[in-house]
Amino acid sequence: MGDEIQEYFKHALMVAKEAGERVKTDFYRNKNISVKENFADLVTETDTAVEELIVAKLKQRFPDHKFIGEEAVSAGGHCELTDSPTWIIDPIDGTTNFVHSVPHTCISIGLAVNKEIVAGIVHGPILGETFTAVKGHGAFCNDVKLSVSTIQDLKQGLVIIEGGTSRVPGVLDTKIANLKKVVENCHGIRAYGSAALDMCFVAKGSHEAYVEHGIHVWDIAAGKLIVEEAGGIVCDPSGKLYSLDILYY
Ligand code: IPD
């Protein structure tokens, strides 16, 4: 399986870079924007086109593989994780940044086999940073090996915490309570607007943690492996290690 995974990974990296060219071109143009769950949950024509491109290119090479893509699922598509090789795709993570021409936007592609992420790619075409990991082979940014921070005391740490797209009052209350708890206990907080990049910044060691209440599997699938391969962990609020069996939380 090891060689096969390397082959899947190399092909997906090529596809991510091709998709990145489309994102880069559209980044400097006027965007065609629609809303999903609410006025703050955005999708552009580029999100949909890039997801279609990625799925088509991967399907052509690996016809038996399965797909979970943010835009297909948001449009009512099936979201099921089985033991089969499954590509979990966020065509533009950081859509709001993309809309507002903020460079923190990326393509996130994770590959799950037996419900475990075995390869992850987070490609930031505007930032010029490509984060990658293959299970058991470390995590890299533009081929430089990554390690998480060695700081153990959160009070010495810099933490990323996102507001997200939900505007449901109860959800916002939890987010504000989390923000208070985090800010009380660390050097400072940051929010870059892309969960996948946030996780890569933790993998890089420039931030000690990333916290978000209410996230989707496509936002974090690739980042999960990148963090783990850099020596970090991904857990739920109780401290239990995050498993892909839970697709949403
Ligand atoms: C969003 C981003 C954002 C996070 C939201 C996600 P999208 O993903 O990752 O940082 O706070 O929860 O939904 O919509 O840009 O793919």
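FYI, it's all coordinate maths here, none of it is from the lab. Only a predicted model underlies this, so the values are computations on that prediction, with no experimental measurement involved. Cβ coordinates were reconstructed from backbone atoms using ideal geometry, including for glycine residues, and neighbour counts include every protein chain displayed.
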**Message:** Run through the stretch 1-45 and list the GluC sites (Glu not before Pro) located in a DSSP loop whose Cβ has at most 13 other Cβ atoms within 10 Å.
**Reply:** 37
**Asked** Let a ≥ b ≥ c be the square roots of the eigenvalues of the Cα gyration tensor of the stretch 101-186; is it rounded (a/c under 1.5), or, if not, prolate (a/b larger than b/c) or oblate?
**Response** prolate
**Prompt:** Where in the stretch 197-214 is the amide nitrogen less than 16 Å from a point lying 7 Å along the Cα-to-Cβ axis of residue 174?
**Reply:** 211-214
**Asked** Working from the pairwise distances between different alpha carbons, so that the mean of 1/r is found and then inverted, what is the stretch 131-249's Kirkwood radius in Å?
**Response** 14.6 Å
**Asked** Ranked from highest to lowest mean number of other Cβ atoms within 10 Å per residue, what is the order of the peptides 207-218, 122-133?
**Response** 122-133, 207-218
**Item:** Cα-based radius of gyration of the chain once divided by 2.2 N^0.38 Å, which approximates compact folds
**Value:** 0.95
**Message:** Please compute, for the alpha-carbon atoms of the stretch 16-89, the extent along each of the three principal axes and give them in descending order in Å.
**Reply:** 39, 28, 12
**Item:** Excluding exposed DSSP-loop trypsin sites (Lys or Arg not before Pro) (at most 16 other C-beta within 10 Å), longest clean stretch of the chain
**Value:** 37-114
**Item:** Antiparallel content of DSSP bridges confined to the chain, in %, to 5
**Value:** 75 percent
**Prompt:** Among residues other than residue 125 whose Cβ falls under 13 Å from its Cβ, what is the net charge (Lys/Arg +1, Asp/Glu -1)?
**Reply:** -2
